[in-house]
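Asks: Pasting a structure below so you can have a look.
Values in this text are rule-based calculations from the coordinates and carry no lab data. Note that the structure is a prediction, hence the values are computed from the model and not measured. Here the Cβ positions follow ideal geometry from the backbone for every residue, glycine too, while neighbour counts run over all protein chains shown.
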Amino acid sequence: MYCPVCMSVNTGKIGSDTYYCSDCLLEFACNGNEITIYYIDPEGVSYALKDRGEAKKLVDSIRQGDELLLQETLQELTGKC
């Protein structure tokens, strides 16, 4: 299974239709032709991302290793303070 965000093959099945990408650190679920992408924060809170563009933006902030940038990106994507 390829990751729908980074196209990596480093994915693993963690549920019946749920996968985890070890390259971009996101989960994704396949339901027919529909794919839902999730970010799971270190405390276990799950954030559903609207599309691949949002997911790529989040992955970029994770890879930069800047916690403040990550929190700002999450707030922007989810609309939560």
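Asks: What nm value, rounded to one decimal, do you get for the distance between V45 and Y2 when each label is placed 7 Å out toward the C-beta?
Replies: Label-label distance for V45 and Y2, simple model: 3.3 nm.
Asks: Further, regarding this structure: Assuming a viscosity of 0.692 mPa s and a temperature of 37 °C, what translational diffusion coefficient in µm² per second does Stokes-Einstein assign to the range 11-78, Rh being the Kirkwood radius over Cα pairs?
Replies: Details: Rh = 12.3 Å.
Rounded to a whole number, D works out at 266 µm²/s.
Asks: What is the extension gain from Q75 to N31, computed as 0.36 nm multiplied by their sequence separation minus the C-alpha to C-alpha distance, in nm to one decimal? Before the final figure, lay out each step's value.
Replies: Numbers: separation 44, 0.36 × 44 = 15.84 nm, distance 2.67 nm.
Full-extension gain reported as 13.2 nm.
Asks: Just to confirm a number: summing +1 for Lys and Arg and -1 for Asp and Glu over residues other than R63 whose beta-carbon lies under 14 angstrom from that of R63, what do you get? Could the numbers behind the result be given before it?
Replies: On the way: positive: K56, K57; negative: D23, D60, D66, E67.
Net charge in that neighbourhood comes out at -2.
Asks: Separate question: So for the chain, averaging the separation of alpha carbon pairs under 8 Å that are six or more residues apart and normalising by length, what relative contact order in percent results? Don't skip to the end; give the middle numbers.
Replies: Working: 104 pairs, mean separation 13.4, N = 81.
Once normalised by length, the contact order is 17 percent.
Asks: Against the longest alpha carbon principal axis of the chain, how many degrees, from 0 to 90 and to the nearest 10, is the axis of helix 67-78 turned?
Replies: Approximately 70 degrees, to the nearest ten.
Asks: Cα axis of helix 52-64 to longest principal axis of the chain: angle in degrees, 0 to 90, nearest 10?
Replies: It works out to around 60 degrees.
Asks: While we're looking at this one, here's another question. Any aspartates and glutamates with Cα under 19 Å of the K56 Cα? List them, leaving off those in the same chain fewer than 8 positions away.
Replies: Reachable aspartates and glutamates: D23, E27, E34, D41, D66, E67, E72, E76.
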